[in-house]
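Please read the structure below before turning to the comments.
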Amino acid sequence: MKTSKVMMIVGSLMILLLFVLPLWNITLEAPQYPEAIGMDIWINKITDHNPNDIKNINLMNHYVGMKDIPTDMAEFDIFPPVIIFMAILGVTFGLIGNKKLYVTWFIIMSLLGTVGMYDFYRWEYDYGHNLKENAAIKFLDSKGEPMAYQPPLFGSKMILNFNAISLPMSGAYALFAGMFITLAAFFVAKKEEEKLQT
């Protein structure tokens, strides 16, 4: 089997690692928490980074009117079958061996990733801005408006005395690696075709 075909198949199968590796992490660092608290975001669930982290986050959020961390989201039902479909599609394209299909798969995955990140941003925005009116504690910003507690999409941000850090985890790196292997397969396939023509 040609190297490009193997690369396309391996790259597309690597996205299945999202079922066993966390995709993203949000961590909160503060003086009152010697050990930072956080949550790991998977394609089908949100879990504690350390034991009882989500419970502690929900307790803090309750006082300022934020929602609890969701245990059930529509995305948890949508993302898994999409990932399985894309893995099967990538393997199929690899077996067919057409380099145009390789780059088509990469473009589709890039678009899906962009949509996923936008959806993640929308969730963070709603989570940090849509506060309950009967909150026990209300903080105002410099304009006298109710303060928002939206964590960053990527990187770190100070929210009151908390340093909120949002970063990709091993699942995201596996996804990126798989995608770029499939993109590399396109260029390898071009070279293989050029060799056949000479």
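The values are calculated or read from the model by the stated rules, or taken from the named source; none is laboratory data. Computed from a predicted model, the values in this text were never measured in an experiment. Don't worry about glycine lacking a Cβ; one is built from the backbone with ideal geometry, like all the others, and counts go over all protein chains shown. The protein model used for the area step is the full one, side chains on, heavy atoms only, and it has no ligands, DNA or RNA in it. Shrake-Rupley method; radii C 1.70, N 1.55, O 1.52, S 1.80 Å.
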(request) Show the residues, 5+ positions off or on another chain, whose built amide H is closer than 5 Å to the amide H of Gly38. (result) Leu28, His49, Asn50
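Got a number for carbon plus sulfur as a percent of the stretch 103-161's accessible area, 1.4 Å probe? Mind showing how you got there, number by number?
On the way: 2450 of 3960 Å².
Accessible surface attributable to carbon and sulfur in the stretch 103-161 totals 62 percent.
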(message) Tell me the per residue accessible area of the stretch 64-185 using a 1.4 Å probe; a whole number in Å² is fine.
(response) 57 Å²
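Ignoring ligands, DNA and RNA, what percent of the 1.4 Å accessible area of the stretch 1-40 is carbon and sulfur? Walk me through the intermediate numbers first.
On the way: 1310 of 1910 Å².
Carbon and sulfur together cover 69 percent of it.
Write out the chymotrypsin sites (Phe, Trp or Tyr not before Pro) in the stretch 70-163 meeting two conditions: DSSP loop, and at most 16 other Cβ atoms within 10 Å of their Cβ. Can you show the working numbers first?
Working: sites: Phe76, Phe85, Phe93, Tyr102, Trp105, Phe106, Tyr118, Phe120, Tyr121, Trp123, Tyr125, Tyr127, Phe139, Tyr149, Phe154, Phe162; in loops: Phe139, Tyr149, Phe154.
Answer in residue order: Phe139, Phe154.
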(request) Calculate how steeply helix 74-96 sits against the longest principal axis of the alpha-carbon atoms of the chain, using the helix alpha-carbon long axis, and give the answer as 0 to 90 degrees to the nearest 10. (result) 10 degrees
(message) Using only Cα atoms and rounding to the nearest 10 degrees, what angle (0 to 90) does helix 53-64 make with the longest principal axis of the chain?
(response) 50 degrees
(request) Given the options Val91, Val115, Val64, state which has the largest fluctuation in a GNM of the chain using a 10 Å cut-off (strictly under) for Cα springs. (result) Val115
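What do you get for trypsin sites (Lys or Arg not before Pro) in the stretch 104-142 restricted to DSSP loop and a cutoff of at most 15 other Cβ within 10 Å of the site's Cβ?
Numbers: sites: Arg122, Lys132, Lys138; in loops: Lys132, Lys138.
Those that pass, being in a loop and sparsely packed, are Lys132, Lys138.
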(request) Pull up all non-local amide H partners of Met147: gap of 5 or more, or a different chain, and H-to-H distance under 5 Å with H placed in the peptide plane. (result) Phe139, Leu140, Asp141
(request) Please give the helix 3-14 orientation as an angle from the longest Cα principal axis of the chain, in degrees from 0 to 90, rounded to the nearest 10. (result) 20 degrees
